[in-house]
């Protein structure tokens, strides 16, 4: 496996073989092909495997605390590398960068999570914050925390993001109404609500693209 990876990386490898190679790093000197197949049987995809909490992976026969943490580290490294590329880039030039970042950060989580991305008026990243986990409704009912962070960081624009662990990225009526209320609050503070994204591991829904907020993406392309 190591020689195959040396010659052509993952090109030509089957899904279980890619996971098998990662497992050889976590569990050297062992036949890990059966374990790779079992993990894919349980979780479906490599993304789902690497997104599992380490304590969940540690329950799988053949994995322990150290090897589970190693697998989790692969996903965390991908997130870190993606975030490393963002400063100085126009994140609203197209949805690709910010959607990829949002999905990588919270799209694979198995509980509901709410994140806010703070941007300058020129669409450069200032910071991002996880505002709420498990009780997303609290964010909508009490937006003061978002407002304080936005003002303290001199944000000109923000992008709201929350995930749907079910994988179905369709906003609820409550999501739509609450987003309109937040848009009005930020408008009074001269902070633009650029978009609200609903994300999962594989899909996303953009309020802006679907006419629920001003179409920021088309405007940015025209500039």
field: Condition check for residue 56: within 27 Å of residue 126 (Cα to Cα) and part of a helix (DSSP H, G or I)
entry: no
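Answer with yes or no whether residue 173 is modelled with pLDDT of 90 or more and farther than 25 Å from residue 76 by Cβ. If you could, list the steps in order and put the result at the bottom.
Numbers: modelled with pLDDT of 90 or more: no; farther than 25 Å from residue 76 by Cβ: yes.
When the stated conditions are applied, residue 173 does not pass them.
Of all residues in the stretch 153-174, how many are in contact with a strand residue (DSSP E or B) (Cβ under 7 Å, 6 or more places away or on another chain) and within 29 Å of residue 51 (Cα to Cα)?
Of all residues in the stretch 153-174, those in contact with a strand residue (DSSP E or B) (Cβ under 7 Å, 6 or more places away or on another chain) come to 153, 155-164, 169-171.
After this cut, where a residue has to be within 29 Å of residue 51 (Cα to Cα) as well, the list is 158-164, 169-171.
Residues in the stretch 153-174 being in contact with a strand residue (DSSP E or B) (Cβ under 7 Å, 6 or more places away or on another chain) and within 29 Å of residue 51 (Cα to Cα): 10 in total.
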Among (1) closer than 16 Å to residue 119 by Cβ; (2) part of a helix (DSSP H, G or I); (3) in contact (Cβ under 8 Å) with a residue 60 or more places away in the chain, residue 48 falls short only on (1)
With criteria (1) buried (at least 16 other Cβ atoms within 10 Å of the Cβ); (2) in contact (Cβ under 8 Å) with a residue 24 or more places away in the chain, residue 25 comes up short on (1)
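Take residue 200 and tell me if it is in contact with a helix residue (DSSP H, G or I) (Cβ under 6 Å, 6 or more places away or on another chain) and in contact (Cβ under 8 Å) with a residue 40 or more places away in the chain.
Details: in contact with a helix residue (DSSP H, G or I) (Cβ under 6 Å, 6 or more places away or on another chain): yes; in contact (Cβ under 8 Å) with a residue 40 or more places away in the chain: yes.
When the stated conditions are applied, residue 200 passes them.
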Item to complete: Could you please let me know if residue 91 is within 21 Å of residue 182 (Cβ to Cβ), modelled with pLDDT under 85 and surrounded by 14 or more Cβ atoms within 10 Å (Cβ to Cβ)?
Response: yes
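Among the residues in the stretch 99-114, are any assigned to a strand (DSSP E or B), in contact with a strand residue (DSSP E or B) (Cβ under 9 Å, 6 or more places away or on another chain) and at pLDDT 85 or above?
First, pick out the residues of the stretch 99-114 that are assigned to a strand (DSSP E or B): 113-114.
Going one step further and asking which of them are in contact with a strand residue (DSSP E or B) (Cβ under 9 Å, 6 or more places away or on another chain), we end up with 113-114.
Those still in the list that are at pLDDT 85 or above too: 113-114.
For the stretch 99-114, residues assigned to a strand (DSSP E or B), in contact with a strand residue (DSSP E or B) (Cβ under 9 Å, 6 or more places away or on another chain) and at pLDDT 85 or above: present.
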Being surrounded by 12 or more Cβ atoms within 10 Å (Cβ to Cβ) and modelled with pLDDT under 85 narrows 126, 146 down to just 146
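Take the residues of the stretch 9-22 that are surrounded by 10 or more Cβ atoms within 10 Å (Cβ to Cβ) and free of Cβ contacts under 8 Å to residues at least 12 places away in the same chain: which is farthest from residue 48 (Cα to Cα)? Before the answer, list the steps.
First pass over the stretch 9-22, keeping only residues surrounded by 10 or more Cβ atoms within 10 Å (Cβ to Cβ): 9-10, 13-22.
Pick out the ones that are also free of Cβ contacts under 8 Å to residues at least 12 places away in the same chain and you get 9-10, 13-14.
On the way: 9: 21, 10: 18, 13: 18, 14: 16 Å.
Here the residue is 9.
The values are calculated or read from the model by the stated rules, or taken from the named source; none is laboratory data. Small disclaimer: the values here were computed from a predicted structure and weren't measured. Neighbour counts run over all protein chains shown; Cβ positions are idealised from the backbone, glycine included.
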